[in-house]
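J.: Structure incoming, see below.
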Amino acid sequence: MKKFLASMLMGAAVLSASAQTDFRHISFDEALTAAKQENKLIFIDFYTTWCGPCKMMSNKVFPQKNVGDFMNAKFIPLKMDAEKEGLELAKRYAVKAYPTYIILNAQGKEEARFTGAMEGDVFINKVNASLDPEQKPERLKARYEAGDRTPELVNTYAMQHFEKRDEKGGFKVIDDYYNSLSDADRIKDENIFIFTRYTFDFDSERTRFMVDHIKDFSKASASSVGERLADIYKTELGSYFSGYKRQQGLYDENAYNKLKKEMNDLGFNNDGKFTPAFEFIEQRGKMNDTEFLAYCENKYDNFSQNYKELLVMNLPRLFDIENPTTAANICKFIRNRIAKMSPVCIQMAGRTLGSIEK
């Protein structure tokens, strides 16, 4: 019985280890030795303690079973704080952003690198792509210029532009590909990445295409397309809520009413979560500063956390803070609520108070 329990515990330990990325607590020299012995590559996650995307990867992606199983089978995984124990190694490999992932062979020669936070399946695909000779930057460029327009190549080639901060080049790749497709091809599952990864602007042609063809996408793609559209509409609504449209002279009542109608027609407001935002935007146009601040006093607690933060951050945009009385009342409004604010909202409040009180 004892032997049975012991074997069960050992099995559980093995399963637990395989369920997440097994970053090894060894030196770089030891990792080189292990790579030779186990015939594996070395994977180094260069991170810092203050890096948000680094924490996201550590807390949500590397612990995933599919990621762990993939990483443990192929690599000797290491985590290096680029400002502490990994400082010299980060300098050696010219690490300049976080997180940066570098893949090395057993001799310490760099085989691939990439940066940033991403979902687990995207991360696995990125690792595989970085090690595939056919997906090396120079090879992708040659294939693209030779006329290769498979969805996989277009997606990878565009992403490489974005990773090099060449947004203009990346969007040109996507735009050219989108314009080359028929409507029937655009809605195919293999091309959904055009919308879910590269479409952000409310007024873009691709956004309008999604709206007009929302019922034509397959069941497999409809959810992702719907989520992308919901994010785009939410962002556009935020530009009205924050006062940005009014401040920039871009407020158009007909455009706003169309946005509101489409959000309702598309079902984004079925639970009424955007109704307080609609009312807020409409009341701003009807009230003077004194009346609107009183309205904010009365409605603040009804807003979602996101809209509370958006309001506090944009009070200087929504009111005439050059008016001493208005400025003083806004500061009072913030200070009366700061004890109940979230940490993020407190940070926003501090910036707003600083901008008003100089």
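J.: Hey, got a sec? Which trypsin sites (Lys or Arg not before Pro) in the range 97-198 land in a DSSP loop and have at most 10 other Cβ atoms within 10 Å?
T.: Answer in residue order: LYS109, ARG165.
J.: In addition: Which GluC sites (Glu not before Pro) does the range 277-358 hold that lie in a coil by DSSP with at most 10 other beta carbons within 10 Å?
T.: Counting only loop positions with at most 10 other Cβ atoms within 10 Å, the GluC sites (Glu not before Pro) in the range 277-358 are GLU322.
J.: Between ASP201 and ALA146, what FRET efficiency follows from the Cβ-Cβ distance if R0 is 35 Å, with the result rounded to 0.05?
T.: Efficiency for this residue pair is about 0.70.
J.: Report the rotationally averaged projected area of the range 197-336 based on its alpha-carbon convex hull, in square nanometres.
T.: Averaged projected hull area, Cα only: 9.4 nm².
J.: Can you pull the Rg over Rh of the range 62-103, Cα-only, Kirkwood?
T.: Rounded to two decimals, Rg over Rh is 1.04.
J.: Sticking with this structure for a sec: Using each residue's phi in the range 248-256, evaluate 6.51 cos²θ - 1.76 cosθ + 1.60 at θ = phi - 60° and report the 3J(HN,Hα) Karplus result to the nearest Hz, with x for Gly and Pro.
T.: 8, x, 9, 5, 10, 4, 5, 5, 5
J.: Which percent of the accessible area of the range 168-211 is formed by carbon and sulfur heavy atoms (probe 1.4 angstrom)?
T.: Of all accessible area on the range 168-211, carbon and sulfur atoms account for 49 percent.
J.: For GLU111, list long-range residues whose amide hydrogen, built 1.01 Å from N in the peptide plane, is under 5 Å from its own amide hydrogen.
T.: ILE103, LEU104, ASN105
J.: Label LEU266 and ASN306 with points 7 Å out from Cα along Cα→Cβ: what is the distance between them in nm?
T.: So the label points at LEU266 and ASN306 sit 1.3 nm apart.
J.: Pop a pseudo-label 7 angstrom from the Cα along the beta-carbon direction at both LYS65 and MET118 and give the gap in nm to one decimal.
T.: That separation, rounded to one decimal, is 2.4 nm.
J.: Could you state the accessible area per residue of the chain in Å², with a 1.4 Å probe and every protein chain left in place?
T.: Ligands and nucleic acids excluded, the result is 56 Å² per residue.
J.: Let me ask something additional. Along the Cα→Cβ direction, 7 angstrom out, place labels at GLU38 and ASP22. What is the inter-label distance in nm?
T.: Going from the GLU38 label point to the ASP22 one covers 0.6 nm.
J.: To the nearest 10 Å², what's MET56's accessible area with a 1.4 Å probe?
T.: Accessible area of MET56: about 50 Å².
J.: For the pair ASN336 and GLU227, what calculated FRET efficiency results from E = 1/(1 + (r/R0)^6), where r is the Cβ-Cβ distance and R0 = 30 Å, to the nearest 0.05?
T.: Rounded to the nearest 0.05, the efficiency is 0.25.
J.: I've got another one for you. Step through the residues of the range 196-206 one at a time and calculate ³J(HN,Hα) from phi using the Karplus curve (6.51 cos²θ - 1.76 cosθ + 1.60, θ = phi - 60°), rounding each to whole Hz and writing x for Gly and Pro.
T.: 6, 10, 10, 10, 10, 8, 4, 8, 6, 4, 5
J.: For ARG208, ARG92, give the ranking by accessible area with the largest first, probe 1.4 Å.
T.: ARG92, ARG208
J.: Classify the range 24-75 as rounded, prolate or oblate, taking a ≥ b ≥ c as the square roots of the eigenvalues of its Cα gyration tensor: rounded when a/c is under 1.5, otherwise prolate if a/b is larger than b/c and oblate if not.
T.: oblate
J.: Taking the inverse of the average 1/r across all pairs of different Cα atoms in the range 103-179, what Kirkwood radius in Å do you get?
T.: Answer for the range 103-179: a Kirkwood hydrodynamic radius of 13.3 Å.
J.: What Kirkwood hydrodynamic radius, in Å, does the chain give when the mean of 1/r is taken over all pairs of distinct Cα atoms and then inverted?
T.: 24.5 Å
J.: Right, next: Give me the tail of P(r) for the range 107-241 as a percent: Cα-Cα pairs with distance above 18 Å.
T.: Considering the range 107-241, 60 percent of its Cα-Cα pairs are separated by more than 18 Å.
J.: Please say if the range 26-129 is rounded, prolate or oblate, where rounded means a/c under 1.5 for a ≥ b ≥ c the square roots of the C-alpha gyration tensor eigenvalues, and otherwise the choice is prolate for a/b larger than b/c and oblate otherwise?
T.: Cα axes put the range 26-129 in the oblate bin.
J.: Which whole-Hz ³J(HN,Hα) couplings does the range 34-50 yield from phi under the Karplus relation 6.51 cos²θ - 1.76 cosθ + 1.60, θ = phi - 60°, glycine and proline marked x?
T.: Running phi through 6.51 cos²θ - 1.76 cosθ + 1.60 with θ = phi - 60° gives 4, 4, 5, 5, 9, 6, 10, 8, 9, 10, 10, 9, 8, 9, 9, 6, 9 Hz.
The values are calculated or read from the model by the stated rules, or taken from the named source; none is laboratory data. All figures in this text were calculated on a predicted structure; none of them were measured in a lab. Reconstructed Cβ throughout: ideal geometry from the backbone, glycine too, with neighbour counts over all protein chains shown. Only protein heavy atoms, including side chains, enter the accessible area calculation; ligands, DNA and RNA are left aside. Shrake-Rupley method; radii C 1.70, N 1.55, O 1.52, S 1.80 Å.
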